[in-house]
Amino acid sequence: MPKKIIRKYYKFIFNNKSGYARLDNYLIEKLTKMYTRTIIQKIIRLGNVYINKTKIKNKKHFLKSKDLIEIFTLYINQEEAILKCEKLNLSIIYEDEYLLIINKQFNLVVHPGTSNQEGTLLNGIKYLLETAETRIQLKQLKKPYLANRIDKETSGLIMVATDEKIVQNLSKQFSLNWIKKKYIAVVNGRIKEDKINKISKIVKRNNINNQMVISRNKGKVCCSNFKVIERLRDMTVLKCIIYSGRTHQIRVHLKELGYTIFNDKKYRIDYQKMIDNSIQYSIQYSIQYSIQSGYSKFIALHAKSLEIIHPIFRNNLKFTSIIPFEIYLLIKLML
């Protein structure tokens, strides 16, 4: 992809009547037509923002009345690749001119990357937009924006917004814990407790297969709630509720508790560290089942339900989805 260098200068005097006292939120309000939230936060992080002639790299810096804000941008930006249009079998749960809710199947990447420009969720949505002759509401969706993401190997509900302001509204709801997300997971081992709460900080582990790990000092606090739905033969079906949205949060928290989601190779637990023989047996069984069934590219984690406040209409919306057949079959086999 071709690259371009962008050079700009902006100058603002902060007035506390604006209602945005945090640096990044204030700049997002001022520069939303020129830059995305991600780019604005990158500009701050690179040290291109000065407040009263002092360089500020903290996006959460608290602004004071009459602060002089100067922004010097000089960075290389890759031009966006043209999103290819592909017909995919997408399950649409809800749609209007502002929002689209899709039940994503497992083994589907949500966003194109350097190694995969085709076959992603956004490619499929692009097809819907360009062929929506009879879908009047969907035709309003000029450009798709992902409001949340789930891993390639997992399945479940995902939100697509019409423009960046809708995404910002949903992001605000996430930060305020207004959005309620519930997952279904099948884990190796029989969990004795009926309910488990896990609170910790999660950070990215350097150069180890993009894994996330528990940290005592770094990262943001995240909370997960686990409730046993059914105990199977050497496995447990869990309802998982997260009160934050950190990468791999459920998978990391369950590993910290001593359990691995079925077929989750990235966060599986070393056999040598396990004491419970039934857990060892169930992992071996899981591997055999995965190979025999041919579903080695999914893990038994499904984003089953989602509750949000509509960004425009302000009414409460609740969406639910059916678990994939592969997870249903696994549960039946382990009864």
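The values are calculated or read from the model by the stated rules, or taken from the named source; none is laboratory data. Not measured: the values here are computed from a predicted model. Methodologically, a virtual Cβ is constructed for each residue, glycine included, from the backbone with ideal geometry; neighbour enumeration extends over all protein chains shown. To get the accessible areas, we keep the full protein, side chains included, count just its heavy atoms, and leave off ligands, DNA and RNA. Shrake-Rupley method; radii C 1.70, N 1.55, O 1.52, S 1.80 Å.
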Item to complete: Considering only region 169-190, state which residues are small (Gly, Ala, Ser) and either closer than 26 Å to ASP264 by Cα or surrounded by 17 or more Cβ atoms within 10 Å (Cβ to Cβ) (or both).
Response: SER171, ALA185, GLY189
Worksheet item: Just wondering, is there one or more residues in region 245-259 that are modelled with pLDDT of 90 or more, within 17 Å of LEU333 (Cα to Cα) and not β-branched (Val, Ile, Thr)?
Response: no
Worksheet item: Between a first residue in region 315-333 that is closer than 20 Å to TYR98 by Cα and a second residue that is aromatic (Phe, Trp, Tyr) and at pLDDT 90 or above, which pairs have beta carbons less than 8 Å apart while being 6 or more apart in sequence or on different chains?
Response: LEU317/TYR94; PHE319/TYR94
Discussion item. Looking only at residues that are of a type in the set (A, V, I, L, M) and open to solvent by 20 Å² or more (accessible area, probe 1.4 Å) in region 227-245, which one is nearest to SER200 (Cα to Cα)?
Written reply: ILE241
Worksheet item: Is it the case that region 246-253 has a residue that's in contact with a Leu (Cβ under 9 Å, 6 or more places away or on another chain), part of a loop (DSSP other than H, G, I, E, B) and more than 13 Å from ASN197 (Cβ to Cβ)?
Response: no
Discussion item. Can you tell me which residue is nearest to ILE299 (Cα to Cα) among those in region 246-260 that are touching a Ser or Thr at 6+ places or on another chain (Cβ under 9 Å) and open to solvent by 30 Å² or more (accessible area, probe 1.4 Å)?
Written reply: TYR259
Discussion item. Yes or no: region 212-223 includes at least one residue that is among the small types (Gly, Ala, Ser) and in contact with a Leu (Cβ under 9 Å, 6 or more places away or on another chain).
Written reply: no
Practice prompt. Go over the candidates TYR285, TYR295 one by one and state the one that is of a type outside the set (D, E, K, R), in contact with a helix residue (DSSP H, G or I) (Cβ under 7 Å, 6 or more places away or on another chain) and at pLDDT below 95.
Written response: TYR295
Worksheet item: Pairs, please: C-beta under 7 Å, at least 6 apart or cross-chain, first residue farther than 11 Å from LYS87 by Cα and in region 114-138, second modelled with pLDDT under 65 and of a type in the set (Gly, Ala, Ser)?
Response: GLN117/ALA81; LEU138/ALA132
Worksheet entry | Total residues in region 191-226, condition basic (Lys, Arg) and either part of a strand (DSSP E or B) or buried (at least 19 other Cβ atoms within 10 Å of the Cβ) (or both) | 5
